[in-house]
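Asks: Sharing a structure below in structure tokens format, with a few things to ask.
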């Protein structure tokens, strides 16, 4: 039997930083030192550096130098890749999850959608980002596919900071279609095809907003 024990401190920091990225705590182009992240948590730099390296491998961060990390911006090529992957994987997770979603899940989605509306009205972008994440992943986690779930989590790490930027621009746009309400309505009437289509349409709209915000060509 192996005596290997995971570095639980690095795991904790990795989880915290993932939640911050998903929740819109960072914008594309933001830079922060590893030492600053360690000081915020009262930790040495070693577990923080280990956590950061994992996030770099996941495409969520990049090294500027040995001490500083940066939140990368989606470029045109990366945007196409992320859009394609999300449009394939997330509707499939929704399809797999549909039969497993029960009344408790429906009530949660209704409540979290209302919280999202309140966050938009208050222009509380971090709260909007958090509730948007909770809405989608309440569905995806019911699919029973840990492999696909990990892939989608990694995609959200790559596009989350850009979503934070465009949420501030388009979140209150009256022309924005609330596809989350279509997701909820389809679940209420147990219409699986409409449910999956609404998830797909929500992804397409969000990624279109990122395109509209302007993307640079790859270096």
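The values are calculated or read from the model by the stated rules, or taken from the named source; none is laboratory data. Being a predicted model, the structure only gives us computed values, none of them experimental. No Cβ is skipped: glycine too gets one built from the backbone with ideal geometry, and neighbour counts run over all protein chains shown.
Asks: Name the residues in segment 64-74 that are assigned to a strand (DSSP E or B) and touching a residue at least 40 places away in the same chain (Cβ under 8 Å), would you?
Replies: 70
Asks: Please pick out the residue among 37, 55 that is part of a helix (DSSP H, G or I), over 20 Å from residue 133 (Cβ atoms), touching a strand residue (DSSP E or B) at 6+ places or on another chain (Cβ under 9 Å) and outside the structural domain of residue 151 (by TED's automatic domain parsing).
Replies: Among 37, 55, only 37 is part of a helix (DSSP H, G or I), over 20 Å from residue 133 (Cβ atoms), touching a strand residue (DSSP E or B) at 6+ places or on another chain (Cβ under 9 Å) and outside the structural domain of residue 151 (by TED's automatic domain parsing).
Asks: Only one of 97, 77 is in contact (Cβ under 8 Å) with a residue 40 or more places away in the chain and surrounded by 16 or more Cβ atoms within 10 Å (Cβ to Cβ). Can you tell me which?
Replies: 97
Asks: Would you say residue 81 is modelled with pLDDT under 95 and part of a helix (DSSP H, G or I)?
Replies: yes
Asks: So residue 123 clears everything in (1) assigned to a loop (DSSP other than H, G, I, E, B); (2) buried (at least 16 other Cβ atoms within 10 Å of the Cβ) except one condition, right? Which one?
Replies: (2)
Asks: State whether the residues of segment 21-34 include one that is touching a helix residue (DSSP H, G or I) at 6+ places or on another chain (Cβ under 6 Å), in a helix (DSSP H, G or I) and assigned by TED's automatic domain parsing to the domain that holds residue 196.
Replies: no
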